[in-house]
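Below is one structure, written out as structure tokens; the observations come after it.
The values are calculated or read from the model by the stated rules, or taken from the named source; none is laboratory data. This structure is a prediction, so every number in the text was calculated from the model and none was measured. Using ideal geometry, Cβ is built from the backbone for each residue, glycine included, and neighbour counts are taken over all protein chains shown. Accessible surface is based on the protein model in full, side chains and every heavy atom, while ligands, DNA and RNA are left aside. Shrake-Rupley method; radii C 1.70, N 1.55, O 1.52, S 1.80 Å.
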Amino acid sequence: MREALALAVSGNSRCSPNPRVGCVLVAPGGEIVGRGYHHGAGLPHAEVNAIASAGDLARGATAVVTLEPCKHKGRTGPCTQALIDVGVSQVVFAQADPSKVAGGGLQVLTSAGIRVIGGVLADEAALINRAWTHVQLTGRPFVTIKTAMSLDGRVADAGGGPTAITGVEARTWVGQLRSEVDAVLVGTNTVVVDNPALTARAGSGALLVNQPLRVVVGKRALPTNLRIFEPTSSGTAIQIREYEPAKILSVLHDRQVQQVLVEGGSTVTSAFLKAGLVDEILWFVAPKVLGAGPVAISPLPGPLTVSVTGVEVIGHDVLIRGVPNPAPVT
Ligand code: AOF
Ligand code: ZN
């Protein structure tokens, strides 16, 4: 299974809207005779690629897959039938497929007389498809908020205009993160004041291959000469004329967005926190005191606590990762 997990993550870091899946075929003697992983939506599933690489050796082998084989015919599939047709003797999978259409492969395989073991390293498998799993279970995208503030909690200096808060290492880290999410979201005020490009860039400034959908939320009309609308930037930019986080997420869900990175400003970030629609926070703290200027969050109706899941130093800045705790019942 570790081999299959390694295969799953060996492809494109963004397989969205499909999950990353890996599969190995193991001969009765224990030797791996086939390997495959899913390269992206519309392309063959991991099992089918593994079967193709094994040739005749697939017959009688054990298929080890990071996700329960699909039982549906979508853009491809079903993998259950491919496994039955080729004559595997046994299937071992990690994560049960939580999706309504594809889930249930276990019963199909068992009914065909194949021995099936599920749940092996299931947590690790679910983690590599964290956003995809979240969408299947909740019907909305996984929301990450990212902010960068000074030691005194400010996100800009007294002038209020664009201020570099974190160092180059943290900005490069965020550039890489943008290439791993489906959408980056900001409010109209942020695009007008800061005029960010919101592209996924390497430290050198070069555009990365995967570019997120750039989303601006708010009703204010936007000038067409903003950097997010620049034709040279890859990926597209859209405006959603809506303030309510749940409605914004529903629009993004319809566009098959599985993970959205909310990058401010303070009004938008507060709105998502207030709505209880934040799944992860990434909070950069830069070692400087600005002394004056706007703060990261607009007023909230009450305090909010966060369970910290990690703290790391990136360049000269500190990154705090966490999950907001549900508001206490009052
Ligand atoms: C598998 N193996 O490698 C993948 C699976 O649109 P389709 O036909 O590609 O189906 C996508 C769904 O199939 C996806 O949401 C998930 O439930 C399952 N993906 N299943 O057995 C794979 N990628
Ligand atoms: Zn499949």
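For GLN239, what residues show an amide H to amide H distance below 5 Å, using hydrogens built from the backbone and excluding near sequence neighbours?
VAL216
How far is helix 245-254 tilted off the main Cα axis of the chain, in degrees rounded to 10, range 0 to 90?
It works out to around 40 degrees.
So, with a 1.4 angstrom probe, what is the percent of accessible area on segment 2-129 that is carbon and sulfur?
Within segment 2-129, the accessible surface is 55 percent carbon and sulfur.
If you average the sequence gap of Cα pairs under 8 Å that are 6 or more apart and divide by the length of segment 156-211, what percent do you get for the contact order?
38 percent
Give me the net charge for the shell around ARG154: Cβ to Cβ below 15 angstrom, other residues only, Lys and Arg +1, Asp and Glu -1.
Local charge sum for ARG154: -3.
As a check on your grasp of the helix formula, calculate [θ] at 222 nm for the chain: sum -39500 (n - 2.57) over DSSP H runs of n ≥ 4, divide by the residue count, round to the nearest 500.
Mean residue ellipticity, 222 nm, calculated: -7000 deg cm²/dmol.
May I ask which residue of THR269, VAL192, HIS72 lies farthest towards the positive end of the charge dipole of the chain, with charges of +1 (Lys, Arg) and -1 (Asp, Glu) on Cβ and the Cα centre as origin?
Result: VAL192, furthest along the dipole toward the positive end.
Share of Cα-Cα pairs in the chain beyond 39 Å, in percent?
Everything past 39 Å amounts to 24 percent.
Would you please put 297-307, 115-125 in order of how densely packed they are, using the mean number of other Cβ atoms within 10 angstrom per residue and starting with the highest?
115-125, 297-307
Against the 2.2 N^0.38 Å scaling, with N counting residues, where does segment 205-276 land? I'd like the Cα-based Rg ratio to two decimal places.
1.17
From the backbone phi of segment 266-281, what are the Karplus-calculated ³J(HN,Hα) couplings (6.51 cos²θ - 1.76 cosθ + 1.60, θ = phi - 60°) in whole Hz, Gly and Pro given as x?
These are the phi-based 3J(HN,Hα) values: 5, 5, 5, 4, 4, 4, 5, 5, 4, 6, x, 10, 10, 9, 7, 10 Hz.
Could you check how much of the accessible area of segment 185-330 is carbon and sulfur, as a whole percent, using a 1.4 Å probe?
58 percent
Which log10 I(q)/I(0) values, to two decimals, does segment 140-324 give at q = 0.12, 0.14, 0.17, 0.19 Å⁻¹ under the Debye formula with one point per Cα?
Log10 I(q)/I(0), no solvent term: -0.54, -0.75, -1.18, -1.52.
Suppose every Lys and Arg Cβ carries +1 and every Asp and Glu Cβ carries -1, with no other charges. What dipole size does the chain come out with about its Cα centre, to the nearest 20 debye?
Here the chain has a charge dipole of around 620 debye.
Need one number: % antiparallel among DSSP beta bridges in the chain, to the nearest 5.
Antiparallel bridges make up about 45 percent of those DSSP assigns within the chain.
Against the longest principal axis of the chain, how steep is helix 168-180, in degrees 0 to 90 to the nearest 10, with axes from Cα atoms?
Roughly 50 degrees between the two axes.
Just to be sure I understand: with springs between alpha-carbon atoms less than 10 Å apart, which residue in GLY293, GLY22, GLY310 has the highest mean-square fluctuation in the Gaussian network model of the chain?
Ranking GLY293, GLY22, GLY310 by mean-square fluctuation puts GLY310 first.
Largest first, please: the extent of the C-alpha atoms of segment 239-330 along each principal axis, to the nearest Å.
Result, largest extent first: 39, 34, 29 Å.
With a cut-off of 20 Å, note down the residues of segment 3-27 whose backbone N falls inside the zone around a label point 7 Å from the Cα of ALA112 toward its beta carbon.
Residues 21-27 fall inside that zone.
State log₁₀ I(q)/I(0) for segment 69-109 at q = 0.19, 0.21, 0.28 Å⁻¹ as given by the Debye formula over alpha-carbon point scatterers of equal weight, solvent excluded.
-0.50, -0.61, -1.02
Counting DSSP beta bridges in segment 2-129, what percent are antiparallel, to the nearest 5?
55 percent
I need the P(r) histogram for segment 2-129: all alpha carbon pairs, bin width 5 Å from 0 out to the longest distance, whole percents.
So the P(r) values, bin by bin, are 2, 13, 25, 28, 21, 9, 2, 0.
Using the heavy atoms of the protein chains alone and a 1.4 angstrom probe, what is the accessible area of the chain per residue in square angstrom?
Averaged over the residues of the chain, the accessible area is 46 Å².
Enumerate the residues in segment 14-35 having an amide nitrogen under 12 Å from the point lying 7 Å beyond the Cα of GLU3 toward its Cβ.
Correct set: 23-35.
Let me spell out the model: positive unit charges on the Cβ of Lys and Arg, negative unit charges on the Cβ of Asp and Glu, origin at the Cα centre of segment 140-324. What dipole size does that give, in debye rounded to 20?
360 debye
May I ask you to order 61-67, 286-292 by the average number of other C-beta atoms within 10 Å around their residues, highest value first?
Result, highest mean first: 61-67, 286-292.
So what is the relative contact order of the chain, in percent, for Cα pairs below 8 Å that sit 6 or more residues apart?
15 percent
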